[in-house]
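Some notes on the structure that comes next.
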Amino acid sequence: MQGKRLDRVNQLLKEEIAEIIGRELKDPRIGFVTVTEVETSKDLRHAKVFVSILGSDSDWAQALAALEKAAGFIRGELIRRLRLRVVPYVAFRPDRSMAHAAHITEILETLKGSASPGD
């Protein structure tokens, strides 16, 4: 039963954090950010928020720094919006899986194009 509840809390946090980032944060360092996953500790005191950021490595670094700076504001908004007994402290982590998938696709396309017709 605990697993299903935790999954619901993770999904709720993911949706709310994405909305807060998209609508409330005005920091120009935060460009196109997607919340991909939230992992909350069993005691609900801490949450790892995985984000994907469109841009270069410097864009990633700037956006992550801006998100960490806004973590207190985001937690305050979560407290205000959600009816949870405990609202976790959030920590942002990079999720580069989409960039890795694009890189793998690019490599496969290159290999497919360089294969000889007789193969």
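Normalise the Debye intensity by I(0) for the stretch 2-114, one equal point scatterer per Cα, no solvent, then take log10 at q = 0.16, 0.19 Å⁻¹ and round to two decimals. One equal scatterer on each Cα of the stretch 2-114 leads to -0.74, -0.95. Normalising the average separation of contacting C-alpha pairs (under 8 angstrom, six or more residues apart) by the number of residues puts the relative contact order of the chain at 24 percent. Straight-line cross-link partners of LYS69 among the lysines, defined as a Cα under 29 Å from its Cα and at least 8 positions apart when in the same chain: LYS14, LYS26, LYS42, LYS48.
No value in this document is a laboratory result; all are computed from the given coordinates. Source: prediction; values computed, not measured.
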